[in-house]
Amino acid sequence: MPKILHLADLHLGAPYDSLPPQAAAACRTAQLEAFAMALHRAADLGTDAVLIAGDLFDAPTPPAPLAAQAMTLLSKARCPVLIAPGNHDYLCPESPYSGELPENVHVFDRTHLEPFQLDGDTVIWGAAFCGTSAAIPVTAPLQQDVCNILLVHADLLTGSGYNPLTAADLEASGFTYAALGHNHEFSGLRRAGGTAYACPGSLMGRTAQEDGPRGYLLGEVSRAGVNLQWTPGGGVEFLSLTQPMEGIGDDRALGKAVAAQIPPHHSRICATLTLSGEKRYEPDLAALQNALAQVFLSAALRDESVRWRDPWRYAADDGLRGAVTRRFRKQYDDAADEGARAQALFALRVALAALEGEAFPQAAV
């Protein structure tokens, strides 16, 4: 029952061009650190193979020093390392995969599945992207008395040009386990017929849209069963925070509310803070931005809040807005409890926004 480390979408050397230069450089360093930590943990647990399902690098021809660093890390893995190039690190003449590789590293270099005999009971079948798109058939002459593992970069979400695979494809394939990459969110460990499959997601996020912890799969795969655990990679995280402005009366109160949301590992977080809702005062955005920059690796601030306005401001008007306001005021005054009053007040705000051509307010949670 071999133990495997299943990685994908490390995107080593990603530009992180949405971040300031210093934070972007720190993220690229953190990528290598997270990669090294995953390999060290796998080695400590006696892993039999490292499977990388594409996009180890962010580009097909990464800088030579970066490629050398990555290969040095892989050379210390204490087990075979199998790589199936993806759409970002596709195989080409200038690829680091085309040069001299560490003895324990095997790169699949064909656009159709080829076998790698891991041991007497396990065969790993892989293939490569040789350009930015691929369509790799997942049919192969499998040995029925061994554990057959598929290793490819494949899109589970759309019918794209990035080697799309469906559950039906995987069920018909006959593989024991399909180690996939490309989709940056962890897919969960799934099953299609007799085939278990998963995409671990990226090892570390690259943009604010790839927020939250990222990681890898580690565990055992055999014909008797697949037991893989998703593990956080420990790299830099992107985090989106929202601070409602209702009930905030000054900068001190705002700072206290924001501080309550800051996680312990804040120095390894690229945060985006969005101010929302109705505000009773104008916050000092420059001071808040400066404070966030002292806490997080990188911080972006967005003020999507709007100035508070008296909801009953049209109560004395003769027009439609006045009639609507008075109708909801009666509902508010006749409400049986605070929840009903809040509902009437929110309905009034929605109605006024519609009449004035403004964005609808967000309901309080």
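Every read-out reported here was derived from the displayed coordinates using simple, explicitly stated rules and does not represent laboratory data. All values reported here derive from a predicted model rather than from experimental measurement. Neighbour counts are summed over all protein chains in view; Cβ atoms, including those assigned to glycine, are modelled from backbone coordinates with ideal geometry.
For the stretch 90-148, what is one quarter of the convex hull surface built on the Cα atoms, given in nm²? Each step should come with its number before you reach the end.
On the way: hull surface 18.6 nm².
Mean shadow area of the hull around the Cα atoms is 4.7 nm².
When only the Cβ of Lys, Arg, Asp and Glu is charged (+1, +1, -1, -1), the dipole of the chain relative to its Cα centre reaches about 840 debye. Taking the longest Cα principal axis of the chain as reference, the axis of helix 338-356 is set at about 90 degrees. Lys76: which lysines have alpha carbons under 18 Å from its alpha carbon, excluding same-chain residues fewer than 8 sequence positions away? Of all the lysines, those that pass the test against Lys76 - Cα under 18 Å, at least 8 places apart if same chain - are Lys3.
Normalised by the number of residues in the chain, the mean separation of alpha-carbon contacts (under 8 Å, six or more apart) gives a relative contact order of 13 percent. With contributions of -39500 (n - 2.57) from each DSSP H run of at least four residues, the per-residue ellipticity at 222 nm computed over the chain stands at -8500 deg cm²/dmol. Given His184, Ser173, Ala68, which one lies farthest toward the positive end of the charge dipole of the chain, if we put +1 on the Cβ of every Lys and Arg and -1 on the Cβ of every Asp and Glu? The one lying farthest along the dipole's positive direction is His184. Computed 3J(HN,Hα) for the stretch 298-305, one whole-Hz value per residue from the Karplus formula 6.51 cos²θ - 1.76 cosθ + 1.60 where θ = phi - 60°, is 8, 9, 10, 10, 10, 9, 10, 6, glycine and proline marked x.
Centre-to-centre separation between the Cα atoms of the stretch 146-224 and those of the stretch 270-307: 37 Å. Centre-to-centre separation between the Cα atoms of the stretch 77-137 and those of the stretch 318-362: 62 Å. Scan the chain and hand back the longest stretch that contains none of the chymotrypsin sites (Phe, Trp or Tyr not before Pro) lying in DSSP loops with at most 15 other Cβ atoms within 10 Å. For chymotrypsin sites (Phe, Trp or Tyr not before Pro) (loop position, at most 15 other Cβ atoms within 10 Å), the longest site-free span of the chain is 1-280.
Of the two radii for the stretch 75-205, the radius of gyration is 0.95 times the Kirkwood radius, both from the alpha carbons; that is the Rg over Rh value.
Cut-off under 24 Å on the C-alpha distance; same-chain residues fewer than 8 positions from Lys256 excluded. Which lysines are left, in chain and number order? Straight-line reach from Lys256, under 24 Å: Lys279.
How far, in degrees from 0 to 90, does helix 285-295 lean away from the longest principal axis of the Cα atoms of the chain, to the nearest 10? For helix 285-295, the angle is close to 30 degrees.
Can you compute the FRET efficiency between Glu94 and Glu33 using 1/(1 + (r/R0)^6), with r the Cβ-Cβ distance and R0 = 25 Å? Round to the nearest 0.05.
On the way: r = 27 Å, r/R0 = 1.07.
So the FRET efficiency works out to roughly 0.40.
Shown here for the stretch 279-326: trypsin sites (Lys or Arg not before Pro) in loop regions (DSSP other than H, G, I, E, B) with at most 14 other Cβ atoms within 10 Å, namely Arg280, Arg309, Arg313.
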